[in-house]
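See below for the structure under consideration.
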Amino acid sequence: MPAGPPTAVGVAGERSAEGPSVSRATRVAVFGGSFNPPHVAHVLAVSYVLACFEVERVLVVPVFEHAFDKDLAPFAQRFELARIAFGWLPGVEVSSVEERLPTPSFTLQTLTHLAAAHPHWALRFVIGSDVLHERDKWRAFDRIEALAPPIVLGRAGFPHPSAPPALLPEVSSTRVRELLRSADPGAERELAALLPRRVLDWVRTHGLYR
């Protein structure tokens, strides 16, 4: 099976998994993350948003340089993994927008850029309910809410009145990376349930996270 549609240059010179521009007044949900690496819960979250919320597209935005100083795999590799994980889904685009913005990567900066570059987009911002419990760690979260009203996905252990029950599996990227480095024969079996097959194949082929 092919890895997905070829990378194209989209609006404002951003690399994306889909080339065509969107139409006027399109409802776009922005789903950001480290994707270090992207796992099945990420893919299910995007599918859930498309199925259950009034959005026409989901823009997946891998972080370029994390504001919280997380140690990440190189951006080009994480972008490619995100393209493989999400690019086959109809209505989903993977954007390299943060590669072109000042660092570190702040959500407000990214959303402000997207709103200015695409005035025909009505933005929403996808977050987990855990974010609502640590909003004070985010730069100007109230401005983020005003610019792109959040779509809140429930996460186990973080109940919130504005979030639905936790429906998606809890997958830890840290655990995934530990398994990728493990020599335990059982690691591959667990990884097969946590990573999209093509993502796992790419990681193994390129020796990432060893």
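The values are calculated or read from the model by the stated rules, or taken from the named source; none is laboratory data. Keep in mind that this is a model prediction, so the values were computed, not measured. Note that each Cβ is placed from the backbone with ideal geometry, even for glycine, and that neighbours are counted across all protein chains shown.
Okay, residues lined up against (1) among the hydroxyl-bearing types (Ser, Thr, Tyr); (2) under 14 Å from the mean Cα position of the chain (by Cα); (3) surrounded by fewer than 16 Cβ atoms within 10 Å (Cβ to Cβ):
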position	(1), (2), (3)
Ile84	no, yes, no
Thr110	yes, yes, no
Trp121	no, no, no
Lys137	no, no, yes
Which of the residues that make up segment 149-171 are in contact with a Gly (Cβ under 7 Å, 6 or more places away or on another chain) and modelled with pLDDT of 90 or more? Leu153, Arg155
If you go through segment 128-138 one residue at a time, do you hit one that is in contact (Cβ under 8 Å) with a residue 24 or more places away in the chain, farther than 22 Å from His160 by Cα and not aliphatic (A, V, I, L, M)? no
Can we say Glu178 is at pLDDT 95 or above, within 16 Å of Pro37 (Cβ to Cβ) and under 21 Å from the mean Cα position of the chain (by Cα)? yes
Just a yes or no: is a residue in segment 125-134 farther than 30 Å from Leu208 by Cα and either exposed (fewer than 15 other Cβ atoms within 10 Å of the Cβ) or among the basic types (Lys, Arg) (or both)? yes
Tell me whether segment 25-42 contains one or more residues that are under 14 Å from the mean Cα position of the chain (by Cα) and basic (Lys, Arg). no
